[in-house]
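The values are calculated or read from the model by the stated rules, or taken from the named source; none is laboratory data. Keep in mind that this is a model prediction, so the values were computed, not measured. Glycine also receives a Cβ, built like all others from the backbone with ideal geometry; neighbour counts cover every protein chain displayed. Just the protein is used for accessible areas: all its heavy atoms, side chains included, with ligands, DNA and RNA removed. Shrake-Rupley method; radii C 1.70, N 1.55, O 1.52, S 1.80 Å.
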Amino acid sequence: MSTSRLTLSEQFFRDQADAQATGGLSTVLNRFSLVGRMLASEIMRAGFVGKLGYTGTTNVQDEDVRALDIISNDAVLEAFESIPMVAGIASEEMEDVWISKDGEQGKYVIATDPLDGSGNVDVAGQMGTIFGIYRRSTTGKPTLDDFLQPGRNLVAAGYVLYGPCTMLVYSAGGPVNGFTLDRSIGTFFLTHPDIRIPEQSGAYAINEANEGKWDDKTRAMVAAFRRQETAVGKRAARYSGALVGDFHRTLLKGGIYMYPGEAKKPQGKLRLLYENAPLTFLCEKAGGLGSDGKQPILDIVPTELHQRTPLFLGSKGDVEEAVGRLA
Ligand code: FBP
């Protein structure tokens, strides 16, 4: 079978056969395919049904909540509340974890940012859904401990990218495969088999407007990238305001995404459990690297659900150079 018409479901069965899996993980991944198709449709229609704006409330991150943030979180809950293998969900949009009423049967827990980059919704920019899937680490009724696992324990991770096309990119521990949604028939087809992140190429992505908040070493390191004085030499600056969009470009073209710590926010902005760890899992399966500036992201054991860490993510050479300049 040519990969160009291999569907997501067929790939899941291949993964399952390879890993002698029970099919539970494939079912969970398939539900994220459903979430992706639902949200691609919601985002496309938001402008027509007055869903581009804010709700007037703030979330646990003290961030203004948009109508689509709620819609996205509801779509995740709707997709998984009747799936017995999922014991619980941690979400950027929920202060506490959601535990399934049949949670004790569940083998997996999910960590997700239902709509990353939601600030782009009213300017038709890229956005995404990020997810990480862990096996439970406790027995009996699920607890917070099931979620506070290092990224090294992830059994699968991925994202859905909503942009000029809708893509689902994931790894279940093996290669990173990218699928593109054919909206006319509602099916994801394999278009990017076994993605490997390029070295010695690609842009650097960072919000340079934050320069006044960084320490001297961070400022000097970013200046080296800006002045094209790094090992890669000539490179562009690209920053979309959506981590998933900037990471997807980095994964395909190489380069680095950076969100450093700041004077008043030494842990930076991005969340470990449902942004940094799942994307670093993918990045490292594609040959790249993810660091908080001092240690590998995947080694960090979370102590809080919405814990933040600085993030340096992308081509191995770029991340090593950036982190080396911070030492
Ligand atoms: P959300 O998940 O709340 O959207 O926050 C994450 C994020 O929007 C990333 O997607 C993006 O890269 C970053 O924040 C932009 O932050 P800033 O506007 O401070 O550069």
Förster radius 41 Å - calculated FRET efficiency between A124 and E10, Cβ distance, rounded to 0.05: 0.80
Inter-probe distance in nm under a simple model that places probes 7 Å from Cα toward Cβ, at D96 and S82: 2.6
Dipole magnitude of the range 245-327, debye to nearest 20 (Cβ charges: Lys/Arg +1, Asp/Glu -1, about Cα centre): 200
Test item: Cα-centred dipole of the range 166-234, Lys/Arg +1 and Asp/Glu -1 on Cβ, debye: 100
Furthest towards positive pole of dipole, G324, I256, F281, structure part the range 211-327, Cβ charges: I256
Estimated [θ] at 222 nm from DSSP helical runs (n ≥ 4, -39500 (n - 2.57)) normalised by residues in the chain, nearest 500: -8500 deg cm²/dmol
The chain, relative contact order [Cα under 8 Å, separation at least 6], %: 16
Gain upon complete extension [D145, E104; 0.36 nm per residue less C-alpha separation]: 13.4 nm
Low-density loop cleavage sites - GluC sites (Glu not before Pro) in the range 60-99, where at most 10 other Cβ are within 10 Å (DSSP): E95
Gain upon complete extension [R325, Q267; 0.36 nm per residue less C-alpha separation]: 19.1 nm
Gyration tensor verdict on the range 203-326 (Cα atoms; rounded if a/c is under 1.5, prolate if a/b is larger than b/c, oblate otherwise): oblate
Global geometry of the range 58-197, whether rounded, prolate or oblate, following the gyration tensor of its Cα atoms and the 1.5 cut on a/c: oblate
Computed over the range 119-277: relative contact order in percent, which uses C-alpha pairs under 8 Å that are six or more apart: 23
Qualifying chymotrypsin sites (Phe, Trp or Tyr not before Pro) in the range 21-119, DSSP loop, other Cβ atoms within 10 Å at most 11: F48
Set K51/K107; K51/K269; K107/K294; K141/K265; K213/K234 screened for pairs whose C-alpha atoms are more than 31 Å apart: K51/K107; K107/K294; K141/K265
Inter-site label distance for K217 and D64 at 7 Å from Cα along Cβ, in nm: 3.6
Sulfur and carbon atoms: percent of accessible area, the chain [1.4 Å]: 51
Paramagnetic label zone (point 7 Å from Cα along Cα-to-C-beta, S137; backbone N under 15 Å) in the range 74-114: 90, 108-111
Heavy-atom accessible area per residue - the chain, 1.4 Å, Å²: 41
The chain, dipole about Cα centre (Lys/Arg Cβ +1, Asp/Glu Cβ -1), debye to the nearest 20: 840
Low-density loop positions, trypsin sites (Lys or Arg not before Pro), the range 187-251 - DSSP coil, at most 14 other Cβ in 10 Å: R196, R227, K234
Inter-site label distance for M44 and Y239 at 7 Å from Cα along Cβ, in nm: 3.2
